[in-house]
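Values quoted throughout were computed directly from the atomic coordinates according to the rules given, and no laboratory measurement underlies them. Worth saying up front: this structure is predicted, and the values here are computed from it rather than measured. Neighbour counts run over all protein chains shown; Cβ positions are idealised from the backbone, glycine included.
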Amino acid sequence: MKMEQREGYIIFNPNKKAKVKLMCFHHAGGSALSFIPLVRTLPKDIETYLFELPGRGISANQDFVANFSEAMAYFLPKVIDCMDRPTVFLGHSLGGLFSYAISGSLSKKQNYIERVIISAAKSPQTVLEYAIHPEKPFIVRSRDSVKMDIEALGGIPVDVDDSLLHSIINITGNDFHLLDTFTLDGVVKSSFPFELWLGKYDKAVHEREIYKWREEIQGDFCYRYFNGGHFFISESTEPADLLKETLLTIMINIENKIV
């Protein structure tokens, strides 16, 4: 397992001759390393980019972004610089909204996008409905309410100490602020294939979101349920197996086009 660190992202299995690039965006409170269990068994022909918001992990020395628009401005140039061959986007929860918004904000490089996979994310319609754009974090959501939301989703370890708990709440609260300031300015509906991944027992993302997501997508659209709750991608090997299968199929299709 080889990784290279860049500003704002980690390259997992770096390979200049890779046939496909996978670009991943983590959940609220997560980091670049959140996707390691999902991507660690991918073949070397797939180069994975694990993007990370400032204020945690490899970007812990940076300030949190102020709102969703600032986060987009942070990610977009990095994504554009990395796109030079067939690419798949994958985002979980908050990261799913980034996958959708970023893929819909690319103009000249949209032809590289093979698929967008959105995991455990509410639809843009739903998030926009509740985005009241507070001036800063922890105004609409108190630290106690953020803690309760994390606990409800199973995001706090049982044996967490006070220092780590404070860090989890701080990072997640700042990330929730990105949901509260969500916008689709400059994002256009695109025609590339979309997949929506859902957990059967996810208390946060309900079945109605399937139909709301479908309204956002102009291209091919499918959805899949997995055993588990909001963090089903790390609760079994099924999502990792499907991701590998999906990427291998894309690689085969690309090779067939070339031939």
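The table for this structure:
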read-out: Partner lysines for residue 44 [C-alpha distance under 23 Å; skip if fewer than 8 residues away on the same chain]; value: 2, 16, 17, 19, 21, 78, 244, 257
read-out: Eligible aspartates and glutamates near residue 109 by straight Cα distance, threshold 15 Å, same-chain separation 8 or greater; value: 81, 84
read-out: For segment 119-149 and segment 201-259, distance of Cα centres in Å; value: 24 Å
read-out: DSSP-loop trypsin sites (Lys or Arg not before Pro) across segment 1-86, with at most 10 other Cβ within 10 angstrom; value: 2, 16, 17
read-out: Sites residue 188 and residue 164 - FRET efficiency at Förster radius 35 Å, r taken between beta-carbons, to 0.05; value: 0.30
read-out: Relative contact order (percent, whole number), segment 130-205, Cα cutoff 8 Å, 6+ residue spacing; value: 48 percent
read-out: Environment charge of residue 62, counting only residues whose C-beta is closer than 11 Å and scoring Lys/Arg +1, Asp/Glu -1; value: -2
read-out: Proximal charge balance of residue 20 [Cβ under 14 Å; K/R count +1, D/E count -1]; value: +3
read-out: Nearby aspartates and glutamates by direct alpha-carbon distance to residue 136 (threshold 17 angstrom, same-chain neighbours under 8 apart not counted); value: 63, 70, 144, 175, 180
read-out: Positive minus negative residues near residue 33 (Lys, Arg vs Asp, Glu; Cβ under 13 Å); value: +1
read-out: With 10 Å bins from 0: P(r) over segment 1-146, alpha-carbon pairs, percent; value: 11, 42, 35, 11, 2
read-out: Protection proxy ranking, peptides 116-129, 189-202, 243-256, average beta carbon neighbours within 10 Å, highest first; value: 116-129, 189-202, 243-256
read-out: Amide H partners (placed H, <5 Å) of residue 48, local residues excluded; value: 12, 22
read-out: Backbone HN-Hα couplings from phi across segment 95-107 [Karplus 6.51/-1.76/1.60, Hz, Gly and Pro as x]; value: x, x, 5, 5, 4, 5, 5, 5, 5, x, 10, 8, 9
